[in-house]
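Asker: Quick one: the structure is below, and I'll ask about it shortly.
Values quoted throughout were computed directly from the atomic coordinates according to the rules given, and no laboratory measurement underlies them. Worth saying up front: this structure is predicted, and the values here are computed from it rather than measured. So basically every Cβ, Gly included, is an ideal-geometry build from the backbone, and we count neighbours across all protein chains shown.
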Amino acid sequence: MNILFINGSPNSNGNTAALAKELLQGKEYETLNLTDYRIGSYGQNFEDDELDQVIAKMKQAEVIVIGSPLYWHNICGSVRNILDRFYGLVENGSLSGRTLYFLFQGAAPEKWMLEAGEYTMKRFAGLYGMKYAGMATNYSEAAKLSKKL
């Protein structure tokens, strides 16, 4: 199984990566740290933009795990930027056959913040044809989701 973990955290070995290790325990996976890529905002055009590399890796994966710290009550900017950039660039349904897991962690998130993040990721998965497999916000939830993999 080809598994890709997209880490939206600026800390490549932080809490988001630790949650991914719990979810993906015993499985081989590739980590893509978004901070290692130059990806412009929606509407910007840079010759050295690397979003196409991220999309290509997503298309190669069977399982995609997107991890985001919870910043300012929502999904972090690097992950949000990827979601925004898909619009108009990636065809609806073009990630069919893949499964998406979402890792969303923060120090003291409120229920509505988690619900908003999960709603966004469910919609993203559906629009691009992925099966949404669930969200983990702590180690216990990640361990439970891990059994589905």
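Asker: Taking only DSSP H segments of four or more residues, each worth -39500 (n - 2.57), what value at 222 nm results for the chain once the sum is divided by all its residues, to the nearest 500 deg cm²/dmol?
Answerer: Calculated mean residue ellipticity at 222 nm is -11000 deg cm²/dmol.
Asker: Another question, then. So which GluC sites (Glu not before Pro) in segment 83-142 end up in coil per DSSP with only 16 or fewer other C-beta atoms within 10 Å?
Answerer: When the GluC sites (Glu not before Pro) of segment 83-142 are filtered for loop state and at most 16 Cβ neighbours within 10 Å, E91, E110 remain.
Asker: Could you please tell me the mean projected area of the C-alpha convex hull for segment 38-144, averaged over all directions and given in square nanometres to one decimal?
Answerer: Over every viewing direction, the Cα hull of segment 38-144 projects on average to 7.0 nm².
Asker: Then there's this: Please identify every one of the trypsin sites (Lys or Arg not before Pro) in segment 1-54 that sits in a loop by DSSP and has no more than 16 other beta carbons within 10 Å of its own beta carbon.
Answerer: K27, R38
Asker: Could you let me know the centre-to-centre spacing of segment 118-136 and segment 1-58, using Cα atoms, in angstrom?
Answerer: When both Cα centres are located, 17 Å separates them.
Asker: Now for a separate question. Which loop chymotrypsin sites (Phe, Trp or Tyr not before Pro) in segment 53-128, with loop taken from DSSP, have no more than 11 other Cβ atoms within 10 angstrom of their Cβ?
Answerer: Here the chymotrypsin sites (Phe, Trp or Tyr not before Pro) that fit, given the DSSP loop and packing criteria, are W72, Y87.
Asker: A further question on this structure: What span do the alpha-carbon atoms of segment 92-137 cover on each of the three principal axes, reported in whole Å from largest to smallest?
Answerer: 35, 14, 10 Å, listed from the longest principal axis down.
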